[in-house]
1. Can you tell me which residue is modelled with the lowest pLDDT among those in the range 33-79 that are among the aromatic types (Phe, Trp, Tyr) and closer than 16 Å to LEU16 by Cβ?
2. Applying the selection to the range 45-67, what residues are of a type in the set (A, V, I, L, M) and surrounded by 11 or more Cβ atoms within 10 Å (Cβ to Cβ)?
3. Looking only at the range 55-87, count how many residues are β-branched (Val, Ile, Thr) and within 30 Å of ILE29 (Cβ to Cβ).
Amino acid sequence: MKDFLDFNLFITKYILIIFYYFFAILFPIVLYYLKRKLHLKIKNIKLWILLLILFLMGELFIRMFFEMLVGYFDMHDYLYKISQKIK
């Protein structure tokens, strides 16, 4: 409990995973809602392909960004455990 209160133990990793799934699921739903709300009529196949590529790149970016943050906090936890063993 002392480690948690001293901010030596982070809960951020678990929160980040929740946020990742929230954004990964919410992102397509919001895009679909905006498309319907703005009454966008997309008939050009090239535009559909472009939108699909942008969507996939956005999802990939979100995944990589959250993996980087989770990796950082994992590294902090491992280094903290090592420092506790040395003491």
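The values are calculated or read from the model by the stated rules, or taken from the named source; none is laboratory data. Bear in mind the structure is a predicted one, so any value in this text is a computation, not a measurement. For neighbour counting, all protein chains shown are included, and Cβ atoms are generated from backbone atoms with ideal geometry for every residue, glycine included.
1. Our first condition is that a residue be among the aromatic types (Phe, Trp, Tyr); within the range 33-79, this holds for 33, 48, 55, 61, 65-66, 72-73, 78.
Adding the requirement that they be closer than 16 Å to LEU16 by Cβ leaves 61, 65-66, 72-73.
Working: PHE61: 92, PHE65: 91, PHE66: 88, TYR72: 86, PHE73: 82.
Restricting to residues being among the aromatic types (Phe, Trp, Tyr) and closer than 16 Å to LEU16 by Cβ, the top hit is PHE73.
2. Our first condition is that a residue be of a type in the set (A, V, I, L, M); within the range 45-67, this holds for 45, 47, 49-54, 56-57, 60, 62, 64.
Passing the criteria: LEU47, LEU50, LEU51, LEU54, ILE62.
3. The initial filter retains those residues of the range 55-87 that are β-branched (Val, Ile, Thr), namely 62, 70, 82, 86.
Subsequent filtering for residues that are within 30 Å of ILE29 (Cβ to Cβ) retains 62, 70.
Of the residues in the range 55-87, 2 are β-branched (Val, Ile, Thr) and within 30 Å of ILE29 (Cβ to Cβ).
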